[in-house]
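Every number here is computed from the coordinates shown, using simple stated rules; none is lab data. What you see is a predicted model; the values in this text were computed from it and never measured. All Cβ positions, glycine included, derive from the backbone under ideal geometry; neighbour counts span all protein chains shown.
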Amino acid sequence: MDRDLTFDPTEHPHRRHDPLSGGTVLVSPHRTKRPWQGRQETPATTERPAYDPTCYLCPGNDRAGGETNPAYEGTYVFTNDFAALLPDAPAPTEEDHPLLQRSGVQGTCQVICFSPRHDLTLAEFDQAGLEQVVALWAERAEVLGRTWRWVQMFENKGQAMGASNPHPHGQIWALDTLPALPAAEDHHQRAWLDHHGEPLLVQYAALERERRERVVAETEHWVAVVPWWAVWPFELLLMPTRHVKRFPELTAAERVDLARLLGRVLPTLDALFDTPFPYSMGWHGAPTGVGFEVEDEHGVHDHWQLHAHVYPPLLRSATVRKFMVGFEMLGEPQRDLTPEQAAARLRDVAPGGNR
Ligand code: H2U
Ligand code: ZN
């Protein structure tokens, strides 16, 4: 068999390195040609009413915890009735073996309803609706950031991602310590600033705006890319172009612009396989907590750049998803479609163009 031994990134296996998490992804572009006889599900397409009397997130309805939601008209926040973190959790007793280590954690969990409308997804929100969601994120990050070291705001959308309810909502888990992934990002961003003199993601956003191959959508103050190191087929990274450490620091213009970016990117995902695209999306910014603006034991957080990760599982259609199994579980994540190909496909289907 004749093999051309000149490296072609659209043809030959290679590994890409994620400077943010420290991870690695195996890219195998030649495999996009392989036949597929895997799982084929039928998409669940159900018409939903604007108000559902059985929904625990709709205005005026009772929740499982016994509380009743007010007749809210914009966004609505409540403490999760089944919170994974508790503000008064006691410290664990001392371990009796170094192989059986544990540490204490305190925190709180909230549910954030993006709208009283049961039948809309974020991808269907208008500009005003998205601006309300952005305002809610900024307000929550500010308030919870006064107390907690890490405020993880996220949305699980769709049954494929384990969302328990189609009503448009997100969650916030706030805790007194950095979880593992933000801790890795903290470490790598700090080292990058030390060695390169510029925050990692500020430099990366500028690089992608220049190269353009992986840009999916762009506004004056924001850029959305399929990152060089994307693990999920149509994974996205949303970054402001200015150095912004934390969500509440976004200017009014940057908030309006973020709503615009979401108003392009989310419908683009839906358009790809003509289905409400499932995903987990969430925000990462500099750690917070009491006195977070002053220097702490790790120094100031100038190395941090605010960003959102969007992790959608779909690969080939509304029903065929990427499974992180086998080599992914035991070796490292792997993808067939290159991030450049994924970005091009998303640009192609962007409703009304990508700018
Ligand atoms: P998810 O769809 O991402 O699972 O978010 C829904 C959250 O709502 C979930 O964490 C909470 C669940 O604990 N919940 C309440 O707090 N009260 C309820 O009445 C039902 C669900
Ligand atoms: Zn509802």
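With a sphere of radius 11 Å drawn around the Cβ of Trp304, what net charge do the other residues whose Cβ falls strictly inside it have (Lys, Arg +1; Asp, Glu -1)?
-1
For the chain, set up a GNM with springs between Cα atoms under 10 Å and report which of Arg255, Arg335, Arg345 has the largest fluctuation.
In this elastic network of the chain, the residue with the biggest mean-square fluctuation among Arg255, Arg335, Arg345 is Arg345.
Sort out for me the Cα centre separation of segment 308-344 from segment 90-137, rounded to whole Å.
Comparing the Cα centres of segment 308-344 and segment 90-137, I get a distance of 24 Å.
Which are the unpartnered cysteines of the chain, meaning those with no other cysteine Cβ under 4.7 Å from their Cβ?
Cys109, Cys113
Ranked highest first by the average count of other Cβ atoms within 10 Å around their residues, in what order do 83-96, 261-274, 66-79, 204-217 fall?
261-274, 204-217, 66-79, 83-96
Would you please state which residues of segment 110-132 a label at Ala64 would reach in this model, taking the label point 7 Å out along Cα→Cβ and a backbone N cut-off of under 17 Å?
110-113
Which distance in Å, rounded to a whole number, links the C-alpha centroids of segment 138-164 and segment 211-237?
Here the answer is 22 Å between Cα centres.
Please give me the summed charge of the neighbours of Pro166: other residues whose Cβ is under 13 Å from its Cβ, Lys and Arg +1, Asp and Glu -1.
Summing Lys/Arg as +1 and Asp/Glu as -1 gives -2.
Could you work out the local net charge near Thr75, counting Lys and Arg as +1, Asp and Glu as -1, over the other residues with Cβ closer than 15 Å to its Cβ?
Counting the neighbours of Thr75, the net charge comes to -3.
Hey, if you put +1 on the Cβ of every Lys and Arg and -1 on every Asp and Glu Cβ in the chain, which of Ala91, Leu315, Gln189 ends up farthest toward the positive end of that dipole?
Leu315
Roughly speaking, what is the stretch gain from Ala91 to His195, that is 0.36 nm per residue apart minus the C-alpha to C-alpha distance, in nm to one decimal?
Gain on extension, Ala91 to His195, equals 33.6 nm.
Among all helices in the chain defined by DSSP H, which have a length of 20 Å or more along the axis from Cα atoms plus a Kyte-Doolittle mean of at least -1.0?
127-145, 252-272
Apply 1/(1 + (r/R0)^6) to the Cβ-Cβ distance of Ala71 and Glu139, taking R0 = 25 Å, and write down the FRET efficiency to the nearest 0.05.
Step by step, r from the Cβ atoms, then E = 0.75.
Taking R0 as 45 Å, what's the FRET efficiency between Leu5 and Glu124 from their Cβ-Cβ distance, rounded to 0.05?
0.35
Multiply the residue separation of His17 and Thr319 by 0.36 nm, subtract the distance between their alpha-carbon atoms, and state the gained length in nm to one decimal.
So the chain would gain 105.8 nm between His17 and Thr319.
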